[in-house]
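Below is one structure; the comments refer to it alone.
Read the figures in this text as sums done on the coordinates, not as results from a lab. This is a predicted model, so every value here is computed, not measured. Don't worry about glycine lacking a Cβ; one is built from the backbone with ideal geometry, like all the others, and counts go over all protein chains shown.
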Amino acid sequence: MLLAQTVDYTTSSTDTAAAGIGLIFVLIFGVIGFAIFVWEILAIIDTTKYPDSAWAASGQNKQTALIITILSLFTCFLLTAFYWFGIRPKVRAAANMG
């Protein structure tokens, strides 16, 4: 004689907790990704805001910086960090002096 087996298809509390944790991670990384995207757009806008004379006085190349910031939009935010912390302070200082 075969014994009938019952299968419980209800969701366990560990499954619900795992789904909640997964949702939290998705939201956190979504917010971080959106913040990085906004920062990259601001860097592109910032690159175009300074006059050519400030770029020349700082010894930086405006076209190269613009290409770096646009490429970072599609590749890696580290290129934007390079612009923001490496190139931008020199250009800002040159723009403020003259």
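Can you give the local net charge around residue 41? Use residues other than it whose beta-carbon is closer than 15 angstrom to its beta-carbon, Lys and Arg +1, Asp and Glu -1.
Neighbour charge sum, excluding residue 41 itself: 0.
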Note to self: Around residue 62, under 15 Å between beta carbons, what's the net of Lys plus Arg minus Asp minus Glu among the other residues?
What the structure shows: +2
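Report, in deg cm²/dmol and to the nearest 500, the calculated mean residue ellipticity at 222 nm for the chain, where each DSSP H run with n ≥ 4 adds -39500 (n - 2.57) and the sum is divided by the residue count.
Numbers: 5 runs with 72 residues, N = 98.
Here the helix-only value at 222 nm equals -24000 deg cm²/dmol.
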Next item on the list: Taking the chain as the reference, fit the longest principal axis to its C-alpha atoms, fit the long axis of helix 13-49 to the helix C-alpha atoms, and give the angle between the two in degrees, 0 to 90, nearest 10.
Entry: 10 degrees
Next item on the list: Compute the signed sum of charges (Lys and Arg +1, Asp and Glu -1) over the other residues within less than 14 Å, Cβ to Cβ, of residue 50.
Entry: +3
Checklist line | residue 73 versus residue 61: modelled label distance in nm, points set 7 Å from Cα along the beta carbon direction | finding: 2.1 nm
Next item on the list: Would you mind calculating the relative contact order of the chain from Cα pairs under 8 angstrom and at least 6 residues apart, reporting the percent as a whole number?
Entry: 28 percent
Item checked: residue 38 paired with residue 97, simple spin-label distance in nm, labels 7 Å along Cα-to-beta-carbon -> 3.4 nm
Item checked: Listed values [x] 2.00; [y] 2.26; [z] 1.00, entry calculated as Cα Rg over 2.2 N^0.38 Å -> [x]
Next item on the list: Taking the Cα centre of segment 39-98 as origin, sum charge times position over the Cβ atoms of Lys and Arg (+1) and Asp and Glu (-1), and report the length of that vector in debye to the nearest 20.
Entry: 140 debye
Notebook entry, point to check: Once phi is turned into θ = phi - 60°, what whole-Hz ³J(HN,Hα) does the Karplus curve with 6.51, -1.76 and 1.60 give for every residue of segment 56-61, x standing for Gly and Pro?
Noted result: 5, 5, 7, x, 9, 9
